[in-house]
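The values are calculated or read from the model by the stated rules, or taken from the named source; none is laboratory data. All values reported here derive from a predicted model rather than from experimental measurement. Cβ coordinates were reconstructed from backbone atoms using ideal geometry, including for glycine residues, and neighbour counts include every protein chain displayed.
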C-alpha cells in the first residue's frame with residue numbers, strides 16, 4: 001500500500017427500491033408478508049481499481065451509473081455488500097450539496113460542526129477559521145443561517161472546509177457543477193496544490209473537458225460496472241461515443257412513438273407495416289400541391305440513417321417529396337441548417353448553385369452531403385423548401401425537421417469548429 005492511496009476490489013452494492021409509497025405500519029407489514037414491496041437496483045457490480053498516491057483520478061459516467069455510490073463507499077458512508085476497500089490516508093469528502101450541514105445553524109457554527117466531523121480539534125478549527133471564511137468569500141454572511149444561503153454559497157463554504165481539513169485524499173462529487181467561473185478556477189488551483197503536495201484527488205464529474213485536461217487517469221462507469229480505466233482522453237472519448245449511441249436510440253424511439261401516434265390518429269396504423277422505423281414519415285397530408293415534402297432523413301457516410309453525429313463527420317440530408325403526376329416543369333430545392341435556439345448556421349439551394357434537378361424529379365428525393373461538418377455540440381434542425389423555376393414561386397416549405405445532434409470532443413468553445421494551428 002506504500003504507493004496506493006485507495007484499492008477497491010470486487011465491490012458490489014445493491015439497493016432495494018420500494019414499488020409503492022408506504023406511509024403506515026400496516027402497509028409496511030402487509031408488504032413484508034407479500035415480499036413484493038420492492039425491486040432491487042444494483043448500483044455497483046464487481047468494481048475493482050486502484051488510485052495511486054498523488055494521482056488526480058477522474059470518475060465519469062451517466063446518471064445512475066454508480067459514481068456517487070462509489071464515492072460514498074470510499075468515504076465509509078455506505079458499506080459494500082461484497083468486496084473490499086482499502087484506504088491509506090485520511091479522507092476529506094465533498095459529496096453532495098449541503099451534506100453535513102445543519103440548515104438551522106449559521107455558517108460559523110456549521111464550519112465548526114463540519115470540521116469536527118472531519119476530525120479537526122476546536123483549536124485547529126479556530127486557527128483555520130479565517131482562512132476558511134476568506135476562501136469561501138462569505139464573510140458578510142457567516143452568521144446567517146445556512147438555510148438562507150444559495151446553492152452556490154453552500155458549495156463554497158463546504159468546499160472551503162473540505163480543503164482546509166488538510167487530509168491526504170480529497171473526494172469531490174460534482175464540485176464544479178454549482179458555482180461561478182471564478183469559484184471553479186479557485187477549485188482547480190486547489191486541486192493543483194494538492195497534487196504538488198503529493199496528495200490524492202478523486203473527482204466525479206460530467207465535465208469531460210475537466211477530466212481530460214486535469215486528470216492523470218480516469219474511470220468510466222456504466223450501469224454499475226467498470227467500462228474502462230486509463231488515459232483520460234481515451235476514456236472521455238469513449239464516454240462521448242456511448243452518449244451518442246444512447247441519444248441515437250432515444251431519438252429513434254421517440255420518432256417511432258410520434259410516427260405510430262400520427263398513424264393511429266390518421267387511422268392508417270398497422271402492426272404489420274414496414275418495420276424500418278428509421279424512415280419515419282408523418283401521416284400523409286391531403287393536399288393538391290404541385291410538390292410536397294414527405295420525409296427528411298439524416299445519413300452518415302455509409303448511408304445509414306442516424307440522428308447523432310460527431311464534429312468532423314460527413315453528414316447527408318435526404319429529403320423525400322412527391323409531385324403531381326401531371327407536373328412537367330422544373331423544381332428547385334433548398335436546405336438550411338439551424339441550431340435548436342434558432343440561429344441560422346448555413347443554407348444552400350439548387351437555384352443559386354445552378355444544379356440540374358432532373359434526376360431528383362425522377363427519384364422523388366434529393367440529398368445534399370456536408371463534408372467534415374464543422375458544427376459543435378448542440379441540437380440542430382433543417383428547413384427545407386421546394387420552389388418552381390422562379391425562386392419566388394414556392395410550392396412547399398418545411399419550417400422545422402426533427403432534430404439531429406452534433407457531439408464534439410473539442411474542448412474549445414463556440415458554434416463551429418475551425419481548423420487552426422499555432423504559428
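Structure summary
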read-out: Qualifying residue in the range 114-126 (condition: in contact (Cβ under 8 Å) with a residue 60 or more places away in the chain and either over 22 Å from residue 211 (Cα atoms) or not assigned by TED's automatic domain parsing to the domain that holds residue 235 (or both)); value: no
read-out: Residues of the range 390-423 that turn out to be out of contact with any strand residue (DSSP E or B) (no Cβ under 6 Å at 6 or more places or on another chain), over 20 Å from residue 315 (Cβ atoms) and in contact (Cβ under 8 Å) with a residue 60 or more places away in the chain, as a count; value: 1
read-out: Spans of strands (runs of 3 or more DSSP E) in the range 336-423 with at least 1 residues within 24 Å of residue 321 (Cα to Cα) and more than 22 Å from the chain's Cα centre (by Cα); value: 344-349, 365-370, 378-387, 394-398
read-out: Within the range 236-277, considering residues that are more than 20 Å from residue 313 (Cα to Cα) and surrounded by 14 or more Cβ atoms within 10 Å (Cβ to Cβ), the one modelled with the lowest pLDDT; value: 277
read-out: Enumeration of residues in the range 135-173 that are part of a helix (DSSP H, G or I) and over 33 Å from the mean Cα position of the chain (by Cα); value: 139, 140, 141
read-out: Scope the range 200-235; condition buried (at least 21 other Cβ atoms within 10 Å of the Cβ) and in a strand (DSSP E or B); matching residues; value: 200, 201, 202, 203, 204, 218, 219, 220, 221
read-out: Hits in the range 326-343 - residues which are farther than 21 Å from residue 292 by Cβ and in contact with a strand residue (DSSP E or B) (Cβ under 6 Å, 6 or more places away or on another chain); value: 337, 338, 339, 340
read-out: Of all residues making up the range 177-215, the number that are touching a residue at least 12 places away in the same chain (Cβ under 8 Å) and under 24 Å from residue 407 (Cα atoms); value: 15
read-out: Condition broken by residue 169, with the remaining ones in (1) within 17 Å of residue 411 (Cβ to Cβ); (2) touching a helix residue (DSSP H, G or I) at 6+ places or on another chain (Cβ under 9 Å) satisfied; value: (1)
read-out: Restricting the range 62-79 to residues that are closer than 27 Å to residue 246 by Cβ and in a loop (DSSP other than H, G, I, E, B), the residue that is nearest to the chain's Cα centre (by Cα); value: 62
read-out: Scan of the range 362-389 for residues that are under 17 Å from residue 311 (Cβ atoms) and either touching a strand residue (DSSP E or B) at 6+ places or on another chain (Cβ under 7 Å) or in contact (Cβ under 8 Å) with a residue 60 or more places away in the chain (or both), ordered by number; value: 369, 370, 372, 373, 374, 375, 376, 377, 378, 379, 380
read-out: For residue 190: the one exception among (1) in contact with a helix residue (DSSP H, G or I) (Cβ under 8 Å, 6 or more places away or on another chain); (2) surrounded by 21 or more Cβ atoms within 10 Å (Cβ to Cβ); value: (2)
read-out: Tally of residues being modelled with pLDDT of 85 or more and over 26 Å from residue 40 (Cα atoms) across the range 198-232; value: 14
read-out: Unmet requirement for residue 344, which otherwise passes all of (1) over 26 Å from residue 307 (Cα atoms); (2) surrounded by fewer than 16 Cβ atoms within 10 Å (Cβ to Cβ); value: (1)
read-out: Hits in the range 100-112 (condition: modelled with pLDDT under 90 and surrounded by 15 or more Cβ atoms within 10 Å (Cβ to Cβ)); value: 100, 101
